[in-house]
């Protein structure tokens with residue numbers, strides 16, 4: 001994708017989602033009118049970003065330094081072959097802290113635009129940030145606010161800079177000290193600990209999602225109950241209004257009958273008086 005198209009993507013993805021389609025079509029039309037058909041077609045293929053993708057891209061504009069620091073931390077963690085297994089855990093905890101801060105900031109951005117950041121939304125933002133950060137091409141798109149698709153979170157072996165097999169190796173100092181077998185066991189132990197933490201994190205996320213879904217269903221049921229109560233109240237109000245109307249109609253009919261009787265009496269009296277006048 002050319003530099004100009006990248007710039008157009010950055011500009012469009014910086015807009016609120018509800019303005020995206022109109023701005024995209026307008027930009028494509030302007031490019032086509034200027035004889036830049038290829039760029040116009042590329043812009044027209046862009047799809048409106050989801051709330052998650054929009055929030056992730058917004059971080060490049062509102063908090064670029066923290067986002068770049070996070071990407072740099074992820075890449076340093078992947079490249080390093082740490083001698084101290086405890087240092088690996090500390091580096092991973094630091095990266096997770098930076099990720100959590102970015103996810104919270106994305107949630108704030110969504111809230112400012114009327115979107116509620118549910119646990120599911122936060123998990124998708126987290127996965128997208130982490131999945132983009134470990135890919136050199138996607139990380140560049142992320143830090144420039146032009147990421148075009150949500151991402152999946154990578155596995156532990158990607159974050160640790162190692163392949164699933166063989167296991168992570170330690171770098172020994174030049175003096176030849178240390179016992180490789182002990183180091184290997186320490187690394188495997190650290191891998192198991194970090195994997196366990198990752199499993200626990202995912203378990204907590206799943207539990208939060210389950211509780212959030214239960215809360216959503218409870219709120220939905222409560223909303224239905226409120227709607228039903230409102231409808232019952234409206235029906236009762238309509239019934240009262242109908243009863244009042246029926247009472248007024250009955251009263252009007254009674255007055256009509258009285259008026260008709262009075263009119264008949266007056267007519268009869270007038271005729272009687274007229275006959276007497278002609279005698």
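The values are calculated or read from the model by the stated rules, or taken from the named source; none is laboratory data. Predicted model, so just to flag it, every value in this text is computed and none were measured. Note that we place each Cβ from the backbone using ideal geometry, even for glycine, and neighbour counts take in every protein chain shown.
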**Prompt:** From the residues in region 149-173 that are modelled with pLDDT of 90 or more and surrounded by fewer than 20 Cβ atoms within 10 Å (Cβ to Cβ), which one is farthest from residue 100 (Cα to Cα)?
**Reply:** 149
**Item:** Candidates 115, 18 - the one that is touching a helix residue (DSSP H, G or I) at 6+ places or on another chain (Cβ under 7 Å) and surrounded by fewer than 18 Cβ atoms within 10 Å (Cβ to Cβ)
**Value:** 115
**Asked** Taking residue 107, is it modelled with pLDDT of 80 or more and surrounded by 13 or more Cβ atoms within 10 Å (Cβ to Cβ)?
**Response** yes
**Item:** Residues being at pLDDT below 90, farther than 24 Å from residue 127 by Cα and not in a helix (DSSP H, G or I) - total across region 8-35
**Value:** 0
**Request:** Among the residues of region 46-68, write down those that are over 18 Å from the mean Cα position of the chain (by Cα) and farther than 24 Å from residue 119 by Cβ.
**Result:** 46, 61, 64, 65, 68
**Cβ pairs under 6 Å, 6+ apart, first in region 132-151 and farther than 20 Å from residue 12 by Cα, second in a loop (DSSP other than H, G, I, E, B)** = 134/154
**Request:** Scan region 73-85 residue by residue and report those that are modelled with pLDDT of 85 or more and either in contact with a strand residue (DSSP E or B) (Cβ under 9 Å, 6 or more places away or on another chain) or more than 15 Å from residue 96 (Cβ to Cβ) (or both).
**Result:** none
**Asked** Quick check, is residue 33 under 15 Å from residue 6 (Cβ atoms) and surrounded by fewer than 19 Cβ atoms within 10 Å (Cβ to Cβ)?
**Response** no
